[in-house]
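**Student:** Following this message is one structure expressed as structure tokens.
The values are calculated or read from the model by the stated rules, or taken from the named source; none is laboratory data. Computed from a predicted structure; not experimentally measured. The protein model used for the area step is the full one, side chains on, heavy atoms only, and it has no ligands, DNA or RNA in it. Shrake-Rupley method; radii C 1.70, N 1.55, O 1.52, S 1.80 Å.
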Amino acid sequence: MPYMTKDSGAREQFPSGMMRDTQIGKPRYDLIDRAFLKRWAALMARGAVKYGEENWRQAAGEPALKRFRESALRHIFQWLDGDTTEDHAVAVAFNISGACMVEEKMKQHEKELAF
């Protein structure tokens, strides 16, 4: 299947004459705090050692969703309380990310059952 180039129809011209599609409505990854992402990556590396690489991607169904939500809530309160025994801020991000992944899997599963 060939790739296609998406086009918003809007153009931006640069001083050099180069033309590009605009950035309007596109994700801005350049605005994400890199230090926080580095801490998240470190958490993922520690998890890979402890549980195996990609282990968290196996999560599926309501029990896994519930666990991610419970863990996110616990870590957010630990972070709000100033607990520094773990990097609770990135643990919150990880658990919310995991919950969102499971929710998407559940939606996809529902769609497949509908057919």
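**Student:** In degrees, nearest 10, range 0 to 90: what is the angle between the Cα axis of helix 88-114 and the longest Cα principal axis of the chain?
**Tutor:** Taking Cα atoms only, the helix is inclined about 70 degrees.
**Student:** On to the next question. Check which residues have an amide H placed less than 5 Å from D87's amide H, if you skip close sequence neighbours.
**Tutor:** Counting only residues 5 or more places away or on other chains, the set is empty.
**Student:** Continuing with the same structure: Ignoring ligands and nucleic acids, what accessible area does I76 show with a 1.4 Å probe (Å², nearest 10)?
**Tutor:** 60 Å²
**Student:** Another question, if that's okay. Using only the alpha carbons, work out the radius of gyration and Dmax of the chain in angstrom.
**Tutor:** Both quantities, over Cα of the chain: 19.6, 55 Å.
**Student:** Now a separate question. Past 32 Å, Cα to Cα: identify those pairs from K26/K111; K6/K107; K6/K66, in the order given.
**Tutor:** K6/K66
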